[in-house]
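Quick one: this structure, given as structure tokens, is what I'll be asking you about.
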Ligand SMILES: N[C@@H](CCC(=O)N[C@@H](CS)C(=O)NCC(=O)O)C(=O)O
């Protein structure tokens, strides 16, 4: 049995996606929560020094949350989270959810910089992109109606929860369908068991 070490952060939405996939696909991982900016040791595995990063048996590294999720999905005997019939639609929705996570993360990174170094324009650009993306998902995404659990559902849920945690929940007033779906999806054990400590 291979030893899988997942380097992760305490609040990362990308890391949450990976943890949820490990739970659903019943993959045993050893999660190590790190402070990424102080984790020089990570550079030899991942020169980008980003989390999540997966190290297999201290030999192979898998970088990027999507690759790690695909890997867990591949080595599991459980039903795939990437239904081949809607594969490209699932992958595109995951990319949209990732983009939402990135915008909210970028906005926060800018906000916590010293005030003299902040760009209001950059913050505003990320906020507009995040809200536009949520409105787009509300109008265009249909796969939430499926009873079959799917990777895009997990990615969208993690992105929306992260938006609430770090930015705003005002979108819930306009995006009624998404808000209702998310409330139900949040009742699943894998959502309840992966709530970032700071946001709880
Ligand atoms: N595309 C990457 C994004 C990962 C990412 O941006 N992680 C953030 C934390 S949520 C990070 O490690 N940031 C550290 C840095 O940029 O220095 C993925 O999906 O894994």
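Let's test this: bin the Cα-Cα distances of the stretch 4-75 at 10 Å from zero up to the farthest pair and state each bin's percent.
Calculated over all Cα pairs of the stretch 4-75, the distribution is 22, 61, 17, 0 percent.
Please state the Cα pair-distance histogram of the stretch 84-193 with 5 angstrom bins from zero: what percent is in each bin?
2, 12, 23, 23, 18, 11, 6, 4, 1, 0, 0
What is the chain's relative contact order, in percent, from Cα pairs under 8 angstrom and six or more apart in sequence?
In percent, rounded to a whole number, it is 24.
Ranked highest first by average number of other Cβ atoms within 10 Å, how do 156-168, 96-108, 33-45 line up?
In descending order of packing, they fall as 156-168, 96-108, 33-45.
If each of residue 2 and residue 140 carries a label point 7 Å out from its Cα toward its Cβ, how far apart are those two points in nm?
Taking the simple label geometry, residue 2 and residue 140 are separated by 3.4 nm.
If you don't mind, another one. Please state the relative contact order of the stretch 84-193 as a whole percent: Cα pairs under 8 Å, 6+ residues apart?
Relative contact order here is 34 percent.
On to the next question. For residue 87 and residue 132 in the same chain, what is the full-extension length gain: residue separation times 0.36 nm, less their Cα-Cα distance, in nm?
13.8 nm
Compute the Rg to Rh ratio over the chain from the alpha carbon atoms, using the Kirkwood formula for Rh, and round to two decimal places.
Reported Rg/Rh (Cα atoms, Kirkwood Rh): 0.96.
Rule-based calculations on the coordinates, nothing more; no lab input. Model, not experiment: these values are computed from the prediction. Neighbour counts run over all protein chains shown; Cβ positions are idealised from the backbone, glycine included.
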